[in-house]
Every structure is written in C-alpha cells, then in structure tokens.
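Worksheet: one structure, shown below.
The values are calculated or read from the model by the stated rules, or taken from the named source; none is laboratory data. Since the structure is predicted, the reported quantities are computational estimates derived from the model, not experimental observations. Cβ: placed from backbone, ideal geometry, glycine included. Neighbour counts: every protein chain shown. Side chains included, ligands, DNA and RNA excluded: accessible areas come from the protein's heavy atoms. Shrake-Rupley method; radii C 1.70, N 1.55, O 1.52, S 1.80 Å.
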Amino acid sequence: MGPVEHLHMSVFSQSFSPCGRFLAAGNNYGEIAVFSLSSALSPDATDLSKKPIMTFTAHEGPVFSLLSTESHLLSAGMGEVSAWSWAELIKRNSKAAWTRRPNYKSSLEIPEINAMAINPTENSLVIGGGDNNIHIMDLESGVFKLVLQGHTDYIHCLSVREREGEILSGGEDGAVRIWDCRTGKSVHCVEVFKYEDCARPQYGKWISCLTTDSDWMLCGGGPSLSLWHLRSMSPTSIFPISGCQRQATFYQDMILSVGEGQFVSHCLLGGEVKAQIPCTPHSLNTLALNLSSTEHRVLTVGGSSHQIDVFANLSYRSFSLSF
C-alpha cells in the first residue's frame with residue numbers, strides 16, 4: 001500500500017481474540033490487520049511490535065464491522081459476512097472458513113453491512129445494513145432464517161438484550177426499534193429526534209450508535225448521546241458532547257464514547273462529561289475494550305488514521321498500533 005492510501009486510511013472496526021492476546025482491525029480498503037497485544041505491551045516492545053503480524057484483504061469494500069465468537073473472527077463487507085478461524089489467523093493463515101450472503105431482494109445493488117451482533121441464546125448472528133432490514137442467520141447451519149422489516153432507511157447499529165429476548169436497532173431514519181426475537185415483530189419504536197432535549201436538527205436525525213446494559217439504553221448520532229430507561233422509554237441523561245457520536249459503551253460506572261472530534265469522552269451516568277482524552281485520529285469511528293484478559297486489559301480506539309491508539313490506563317494514550 002502506497003503513502004497516499006495510508007494517508008486516506010480509516011479504521012472502521014475492531015475485535016479482540018477470545019484469548020485477549022490479539023486485536024483485529026478492519027479498514028476502508030477491505031483489509032483486516034491482526035496485531036499481537038502481547039508483543040505490543042511487552043516491556044521489550046519495539047516499533048515492529050506495534051505493526052500487524054499479518055494484513056490481508058477480506059472484502060472488496062470497507063470492513064464496517066468485526067465480531068469474535070469463541071473460535072472465529074466474523075467480518076462484514078459489501079453484502080457478505082466471512083468467518084476466519086482465530087487459530088489459523090494466529091498462524092498467519094488468512095483463508096476464510098466460510099462466507100455467507102443474506103437473501104437480498106435485488107442482486108443489482110449490493111448493500112453494505114454496517115453492524116453485527118450475536119444472540120447467544122439462539123446461537124444466531126444478527127446483521128443490519130443498507131437494505132433497511134435485519135437478517136438473522138443460524139450460526140450452526142449458516143442458514144438465514146428470519147428477516148425483520150420496519151426501518152425505512154439503512155441500519156447503522158445493533159444491540160442484543162439476551163435476557164429479554166430482544167434486538168435493538170438504530171437507523172438513518174432516526175428510529176430505534178425494539179424487536180421480539182421469538183416473533184420477529186417490532187414491539188417498540190423510539191424516534192429519538194422527536195425529543196426536544198435530544199434533538200439537534202443541524203446534525204440530522206440518524207442514529208449511529210446504540211448499546212444496552214440491563215434496563216438501560218445508550219444511543220446517539222444526529223441527536224445528542226443520551227441514556228434511556230427501557231421500562232419507562234424516556235431519556236434520563238443527555239450528554240453535552242459536540243459532534244455525532246459513532247460508538248459508545250458502558251464501562252463500570254461510566255460511559256465511554258467516540259465520534260467526531262479527536263478524543264474519547266468519559267461520561268458519568270448522570271449526564272456529566274468527566275474528561276475528554278486526546279487521541280491521534282482527528283475523527284473516531286470505533287472503540288473496543290479488551291476485558292477477557294487481565295494481562296492485556298486495554299482500550300483501543302480507531303478512526304481517520306492508519307494508527308490505532310492503545311490506552312493501558314483510561315486517562316492517557318499509551319502508544320499507537322500502526323496498520
């Protein structure tokens with residue numbers, strides 16, 4: 001890859017290996033890079049330790065979503081999902097274990113897949129993207145068994161509430177829909193932009209990030225990042241962060257969020273922005289917490305750069321990995 005491509009690289013997605021020792025990252029050129037966190041975090045780390053142990057082309061279009069199961073890395077490209085064995089990737093073998101394509105209505109236009117989530121109860125993969133629909137694939141058989149229809153524009157983000165048997169989806173249409181996994185029916189629709197405290201018409205109405213924890217939902221995009229109680233279906237906290245937020249997560253008694261702007265926001269559940277920690281990329285797309293390994297417990301952040309920032313301590317950037 002030449003210097004111009006490097007200059008225009010964006011990192012869209014990340015996922016840690018089940019053992020927590022490796023990080024996979026997907027970019028706008030359809031490539032996946034695999035980094036060794038053990039090497040990068042070692043006291044003897046060199047510049048080479050912060051480079052990928054392997055980089056391969058996974059899809060023709062951008063890799064908007066990455067996800068790990070107990071044994072595989074799942075990647076989403078234009079209209080397809082591929083699986084790569086982690087055991088093989090660690091041996092630097094990049095042959096896909098399988099590739100599946102949802103049953104799209106038209107073969108003329110191939111929609112991008114923006115989001116994936118796993119429903120452990122049903123051992124299924126939930127995907128959403130450019131055709132406005134949610135497709136559910138049985139992970140054992142590889143068969144797409146259900147299509148959830150209701151959004152009027154493309155889907156940006158997904159979350160699964162395993163205990164409640166619900167899927168949540170956020171889209172360009174400004175709606176957060178809550179679906180019953182058993183019936184495939186939409187049971188609630190929250191139009192966040194219609195709530196005066198959340199609305200920011202200058203940014204639009206689209207929902208670009210969505211996550212849940214027990215009875216709580218966090219969502220944002222065009223509207224301000226906001227915390228909702230899912231039983232009362234009302235916003236309890238609005239976070240005063242400028243720009244559209246692209247990914248947010250609950251962590252301990254805090255919320256971590258990234259989006260437009262060169263920082264990770266640390267927010268308190270009550271709505272206060274506690275800190276904004278500087279990052280290398282000017283705009284951020286993805287954040288990931290490695291919680292499966294105490295030895296390699298880090299936050300990693302990627303965006304409009306070939307560099308992925310690593311935080312061993314949440315209050316400052318330790319170093320950057322380089323695609």
Original post:
Given the conditions (1) more than 30 Å from TYR195 (Cα to Cα); (2) of a type outside the set (Gly, Ala, Ser); (3) in contact with a His (Cβ under 9 Å, 6 or more places away or on another chain), and given that PRO278 satisfies all but one, which numbered condition is not satisfied?
Top reply: (3)
Subject >> Hits in the stretch 135-192 (condition: open to solvent by less than 60 Å² (accessible area, probe 1.4 Å), under 22 Å from the mean Cα position of the chain (by Cα) and of a type in the set (S, T, N, Q)) >> reply: SER159, SER169
**OP:** Being over 23 Å from GLY220 (Cα atoms) and not hydroxyl-bearing (Ser, Thr, Tyr) is the filter; apply it to the stretch 112-134 and report the residue that is surrounded by the most Cβ atoms within 10 Å (Cβ to Cβ).
**Re:** LEU125
Original post:
Does the stretch 217-226 include one or more residues that are open to solvent by 20 Å² or more (accessible area, probe 1.4 Å), in a loop (DSSP other than H, G, I, E, B) and farther than 18 Å from LEU268 by Cβ?
Top reply: no
Subject >> Criterion: modelled with pLDDT of 95 or more and either among the hydroxyl-bearing types (Ser, Thr, Tyr) or out of contact with any strand residue (DSSP E or B) (no Cβ under 9 Å at 6 or more places or on another chain) (or both) - qualifying residue of THR183, THR152, THR121 >> reply: THR152
**OP:** Kindly list, by first and then second residue, each pair from a residue in the stretch 24-48 that is within 21 Å of PHE12 (Cα to Cα) to a residue that is assigned to a loop (DSSP other than H, G, I, E, B) and open to solvent by 40 Å² or more (accessible area, probe 1.4 Å), limited to pairs with Cβ atoms under 7 Å and residues at least 6 apart or on different chains.
**Re:** GLY30/GLU60; VAL34/ILE53; PHE35/ILE53; SER36/ARG21; SER36/ILE53; LEU37/ARG21
Original post:
Taking into account only those residues within the stretch 262-294 that are at pLDDT below 95 and either under 21 Å from HIS156 (Cβ atoms) or of a type in the set (Gly, Ala, Ser) (or both), which is nearest to the chain's Cα centre (by Cα)?
Top reply: SER292
Original post:
Taking interchain pairs and intrachain pairs at least six residues apart, which have beta carbon atoms under 7 angstrom, with the first residue in the stretch 128-149 and under 16 Å from GLY170 (Cβ atoms) and of a type in the set (Gly, Ala, Ser) and the second open to solvent by 40 Å² or more (accessible area, probe 1.4 Å) and in a loop (DSSP other than H, G, I, E, B)?
Top reply: GLY129/TYR154; GLY130/TYR154
Subject >> Matching residues, the stretch 237-253, being touching a residue at least 24 places away in the same chain (Cβ under 8 Å) and either under 20 Å from ASP153 (Cα atoms) or open to solvent by 50 Å² or more (accessible area, probe 1.4 Å) (or both) >> reply: ILE238, PRO240, CYS244, GLN245, ARG246, GLN247
Original post:
For the subset of the stretch 78-111 comprising residues that are open to solvent by 60 Å² or more (accessible area, probe 1.4 Å) and among the polar types (S, T, N, Q), which member is modelled with the lowest pLDDT?
Top reply: SER107
Original post:
Which one is surrounded by the most Cβ atoms within 10 Å (Cβ to Cβ) among residues in the stretch 270-286 that are part of a strand (DSSP E or B) and of a type in the set (Ser, Thr, Tyr)?
Top reply: THR286
Subject >> Residues of the stretch 5-62 that turn out to be of a type in the set (S, T, N, Q), assigned to a strand (DSSP E or B) and open to solvent by less than 40 Å² (accessible area, probe 1.4 Å), as a count >> reply: 5
